[in-house]
Structures are given as C-alpha cells and as structure tokens.
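The values are calculated or read from the model by the stated rules, or taken from the named source; none is laboratory data. Note that the structure is a prediction, hence the values are computed from the model and not measured. Virtual Cβ from ideal backbone geometry, glycine too; neighbours counted across all protein chains shown.
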Amino acid sequence: MPNLKVSGMSCNHCKQGVEKALSAINGVENIKVDLLSGNVSWTEKSGTKVELETVKKAIIAIGFGVE
C-alpha cells in the first residue's frame with residue numbers, strides 16, 4: 001500500500017479534498033487519509049500501475065504539500 005506524508009491538512013474538508021483528488025486518478029482505490037499524522041495511503045486496482053508522481057501532482061494541485 002503506497003503511502004505519502006501530506007502537509008497542510010487541518011480539517012475534514014481538507015481530508016475530503018485529498019480523497020476526491022486521488023479518487024479521480026484511474027487505478028486508485030481504498031484511499032485512507034489520517035489528519036493527525038498527515039499520512040495518505042491507497043491501493044491500486046488489480047492490473048493497474050499508478051505512478052507516485054501522478055498522485056503527488058494531484059495533491060499539490062489542490063494546495064497541499066507532499067514530503
């Protein structure tokens with residue numbers, strides 16, 4: 001399960017924004033966002049390969065940082 005540390009999230013609205021951005025990426029499912037730790041994880045649908053850079057760009061595009 002890939003995992004990223006995301007900075008700048010502080011509320012459920014932030015969490016929902018990240019979930020929405022990642023769910024728009026083909027092949028991403030089972031998104032988990034932990035506000036306290038800043039950890040964001042997901043799984044890839046069977047038979048797909050999601051580039052980590054694609055996920056990072058989607059998160060940065062909505063205004064959050066990726067460590």
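Here Ser46 meets the list (1) out of contact with any helix residue (DSSP H, G or I) (no Cβ under 9 Å at 6 or more places or on another chain); (2) at pLDDT 95 or above almost entirely, failing just condition (2).
Return yes when Ile25 is at pLDDT 95 or above, aliphatic (A, V, I, L, M), assigned to a loop (DSSP other than H, G, I, E, B) and buried (at least 17 other Cβ atoms within 10 Å of the Cβ) and no when it is not. Yes; evaluated as a whole, the condition is true for this residue. Filtering region 34-47 to residues that are surrounded by 12 or more Cβ atoms within 10 Å (Cβ to Cβ), assigned to a loop (DSSP other than H, G, I, E, B) and more than 11 Å from the chain's Cα centre (by Cα) leaves Leu35, Lys45.
Summed over region 1-22, the residues that are within 14 Å of Ala61 (Cα to Cα) and not in a strand (DSSP E or B) give a count of 9.
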